[in-house]
Amino acid sequence: MTGLTGSKPSGEITRRSLLLAGAGVAAAAAIPNVAVAAGKKVARPSHLDRSTWESLVGTIVETRNRGLARVPLVLLRIDDPAVSYGKTAKFRQRAFTLVFRGPHGQPLLPGTHRLFVPRVGKVDVWLSSADLGDEGWTYTAVFANARVRQRPPRKPRLSGSKKQRRQRARRKRRRLVSRTTSAGKFG
């Protein structure tokens, strides 16, 4: 009995299995980068990490909101969160504030805006307008992605021992059964 590959249970190589293996090798040779790309994990910088933004300080990032004109924003600086005492380096890497400078004129409304970030692509970021200065509007984006590990809430413990809780549950079931049977007789 042969399987889909054509190999016999005794371990012999059949003509069919040899042809299938040759077809696989030919396909991999025809498209060499597909096999290599499938084996590698695509390492793309995340917009949630401070290190992605540090190299972009002073560069122009554009808004790409659908239906609206593109607005150039200059990344002025990266600020630390207000409470950073006692926090780890991992916390500092994932929690930060970006300060952008936009042009004079109509300000961007506070809300989610799609930004084109070099090396990262299009990302959605919540921008809030801070104030209008001599050089233009100032916008801030707060990232609080510290990934603090939290325990799930515990189930409330009922009072009494396990035996007492079982007895209460039985009594409750009996009451429900007696109500439904008595309602069925006279209802």
message: Would you confirm, using the coordinates I've provided, whether Arg119 is out of contact with any strand residue (DSSP E or B) (no Cβ under 9 Å at 6 or more places or on another chain) and in contact (Cβ under 8 Å) with a residue 60 or more places away in the chain?
response: yes
query: Can you spot a residue in region 25-47 that is closer than 19 Å to Phe143 by Cβ, loosely packed, with under 11 Cβ neighbours inside 10 Å and modelled with pLDDT under 70?
result: yes
- prompt: Looking at Leu127, is it buried (at least 18 other Cβ atoms within 10 Å of the Cβ) and either at pLDDT below 85 or not in a strand (DSSP E or B) (or both)?
  reply: no
field: Filter result (part of a helix (DSSP H, G or I) and among the β-branched types (Val, Ile, Thr)) within region 92-112
entry: none
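If you go through region 109-132 one residue at a time, how many are more than 24 Å from the chain's Cα centre (by Cα) and within 15 Å of Leu75 (Cα to Cα)?
Selection size over region 109-132: 2.
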field: Selected residue [touching a residue at least 12 places away in the same chain (Cβ under 8 Å), of a type in the set (Ser, Thr, Tyr) and open to solvent by 60 Å² or more (accessible area, probe 1.4 Å)] from Thr97, Thr88, Thr59, Thr112
entry: Thr112
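Matching residues to (1) open to solvent by less than 100 Å² (accessible area, probe 1.4 Å); (2) of a type in the set (S, T, N, Q); (3) at pLDDT below 75:
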{"site": "Pro107", "(1), (2), (3)": "yes, no, no"}
{"site": "Gly133", "(1), (2), (3)": "yes, no, no"}
{"site": "Arg147", "(1), (2), (3)": "no, no, yes"}
{"site": "Arg154", "(1), (2), (3)": "no, no, yes"}
{"site": "Arg171", "(1), (2), (3)": "no, no, no"}
{"site": "Thr180", "(1), (2), (3)": "yes, yes, yes"}
{"site": "Ala183", "(1), (2), (3)": "yes, no, yes"}
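The values are calculated or read from the model by the stated rules, or taken from the named source; none is laboratory data. As the structure is a prediction and not an experimental result, all values here were calculated from the model. Quick reminder, even Gly has a Cβ in these numbers, built from the backbone with ideal geometry, and neighbours come from all protein chains shown. We work out accessible area using only protein heavy atoms, side chains counted, and drop any ligands, DNA or RNA first. Shrake-Rupley method; radii C 1.70, N 1.55, O 1.52, S 1.80 Å.
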